[in-house]
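Only one structure is covered here, and it is reproduced in the block below.
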Amino acid sequence: MEYVELAVNLEPREPWFDILAAELGELGFESFIERDGRLLAYIPRESFSEEKLQQVDTLNDAELRPSY
């Protein structure tokens, strides 16, 4: 099975990593790793939808300025 890796840098880090992981989990992301100040999230390729990803509140919060 192939996976898509999403890498997200968030400032400030807390509590946004946990919130984002919960939001991504609702979209079907299966595993999460914190590495080098980033949240790495993995979803099966066939389940990935950029359209749904764009609807994640935390990723659209201009104050947080996430990058992925």
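The values are calculated or read from the model by the stated rules, or taken from the named source; none is laboratory data. This structure is a prediction, so every number in the text was calculated from the model and none was measured. Note that we place each Cβ from the backbone using ideal geometry, even for glycine, and neighbour counts take in every protein chain shown. The protein model used for the area step is the full one, side chains on, heavy atoms only, and it has no ligands, DNA or RNA in it. Shrake-Rupley method; radii C 1.70, N 1.55, O 1.52, S 1.80 Å.
Given (1) open to solvent by 50 Å² or more (accessible area, probe 1.4 Å); (2) of a type outside the set (F, W, Y); (3) touching a helix residue (DSSP H, G or I) at 6+ places or on another chain (Cβ under 6 Å), where does T58 come up short, assuming only one miss?
(1)
If I ask for residues that are at pLDDT 90 or above, hydrophobic (A, V, I, L, M, F, W, C) and farther than 11 Å from V8 by Cβ, which ones from the stretch 30-68 would you list?
Passing the criteria: I33, I43, F48.
Which residues, taken from the stretch 3-25, are buried (at least 17 other Cβ atoms within 10 Å of the Cβ) and either more than 9 Å from the chain's Cα centre (by Cα) or not in a helix (DSSP H, G or I) (or both)?
Within the stretch 3-25, L6, V8, L10, W16 meet the criteria.
Need pairs with beta-carbon distance below 9 Å; first residue within 21 Å of W16 (Cβ to Cβ) and within the stretch 45-68, second modelled with pLDDT under 90 and of a type in the set (V, I, T); sequence gap 6+ or separate chains.
Short answer, once both residue conditions are applied: T58/V8; L59/V8; L64/T58; P66/V8; P66/T58; S67/V8; Y68/V8.
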